[in-house]
1. Which residues, counting only those in region 195-229, are on the phi < 0 side of the Ramachandran plot, under 29 Å from the mean Cα position of the chain (by Cα) and among the small types (Gly, Ala, Ser)?
2. Considering only region 122-153, how many residues are touching a helix residue (DSSP H, G or I) at 6+ places or on another chain (Cβ under 8 Å) and charged (D, E, K, R)?
3. Just to be sure I understand, how many residues within region 154-204 are modelled with pLDDT of 55 or more and over 24 Å from Arg223 (Cβ atoms)?
4. Would it be correct to say that Pro3 is modelled with pLDDT of 90 or more and either part of a loop (DSSP other than H, G, I, E, B) or surrounded by fewer than 11 Cβ atoms within 10 Å (Cβ to Cβ) (or both)?
5. If a residue has to be assigned to a loop (DSSP other than H, G, I, E, B) and of a type in the set (A, V, I, L, M, F, W, C) to count, how many in region 92-130 make the cut?
6. Consider Ala49 carefully, then state whether it is modelled with pLDDT of 85 or more and outside the structural domain of Ile149 (by TED's automatic domain parsing).
7. Applying the selection to region 205-246, what residues are polar (S, T, N, Q) and either modelled with pLDDT of 80 or more or under 17 Å from Asp180 (Cβ atoms) (or both)?
Amino acid sequence: MAPERVYQAARRLRVSSQRLLVYLEAHHAPHATASSNLTADGAALLAGATTSQVLLDSARHYRPKPMRREVYWSWEQMDPEDDWYWVDERRIWKNWIGPDQLTTSQAAQAWAVSTATIRQWVHRGYLNPLGTKGRSAVFSALDVLQAAIATGDRNQQPGGPLRRDQERREPVATRVRGKDLQRIVTAEAAAAVVGVSPSTIRSWKRRGHLHPAQHRGRTPLYRVADVLAAARRSPHRPQRLYRGLR
């Protein structure tokens with residue numbers, strides 16, 4: 001008769017395999033994985049174990065292991081010709097120290113986005129995989145960088161080292177002059193003024209928060225003063241400072 005495996009014993013005792021592994025280790029009968037065959041000591045220990053005993057002991061001895069996070073970036077003063085990513089005029093550079101090839105999950109972690117976002121970049125043609133590693137696609141790290149920068153103005157996930165996240169922003173009063181308030185601009189320029197995406201400007205128009213001052217063909221144009229007023233009134237304004245006109 002084949003020896004019982006850890007996961008089979010866990011099913012018999014109606015506990016999870018992880019709890020049973022913790023229980024076995026706490027009683028000096030460690031096993032590597034849930035697929036491991038029970039040793040003689042483990043089998044003898046579980047012969048008289050009850051479900052409640054396993055649950056109580058495993059809860060008492062469980063210590064979560066710290067999650068290992070890979071390091072991809074370091075902040076350094078670098079020579080621009082030797083590095084990837086310029087952050088601001090203080091000559092601070094985001095220096096890539098990660099691997100040359102990344103899986104989907106590694107690319108998502110490196111750029112502080114979700115794995116679904118990486119797959120969308122592939123689906124939309126922004127990013128092409130080099131091949132596969134197991135069940136995951138593999139990408140060039142430099143290709144992921146270029147895709148992140150290319151999609152940065154549209155990507156609304158905060159916190160990633162995308163170009164839009166690293167730009168220095170100043171209050172609108174120091175960037176927009178009085179004569180600029182009457183300027184007529186497109187939705188894209190209006191979005192840049194108040195630090196939102198163009199889709200937010202179109203949403204304000206659709207909801208009646210913002211009305212076009214005129215049209216250029218079928219393209220609505222907006223007065224800067226109206227855009228600023230709509231941004232101050234909108235309950236969905238993002239927590240970021242305004243950006244000026246360029």
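The values are calculated or read from the model by the stated rules, or taken from the named source; none is laboratory data. Everything quoted here is computed from the prediction, not taken from an experiment. Don't worry about glycine lacking a Cβ; one is built from the backbone with ideal geometry, like all the others, and counts go over all protein chains shown.
1. Ser197, Ser199, Ser203
2. Qualifying residue count for the region: 1.
3. Of the residues in region 154-204, 1 are modelled with pLDDT of 55 or more and over 24 Å from Arg223 (Cβ atoms).
4. Details: modelled with pLDDT of 90 or more: no; either part of a loop (DSSP other than H, G, I, E, B) or surrounded by fewer than 11 Cβ atoms within 10 Å (Cβ to Cβ) (or both): yes.
No, not satisfied.
5. Selection size over region 92-130: 6.
6. Numbers: modelled with pLDDT of 85 or more: yes; outside the structural domain of Ile149 (by TED's automatic domain parsing): yes.
When the stated conditions are applied, Ala49 passes them.
7. Start the filter on region 205-246 by keeping residues that are polar (S, T, N, Q), which leaves 214, 219, 234, 239.
Result: Gln214, Thr219.
Residue-by-condition table, conditions (1) at negative phi; (2) at pLDDT below 90; (3) basic (Lys, Arg):
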position: Glu25; (1), (2), (3): yes, no, no
position: Gly42; (1), (2), (3): yes, no, no
position: Met67; (1), (2), (3): yes, yes, no
position: Glu70; (1), (2), (3): yes, yes, no
position: Gln77; (1), (2), (3): yes, yes, no
position: Lys94; (1), (2), (3): yes, yes, yes
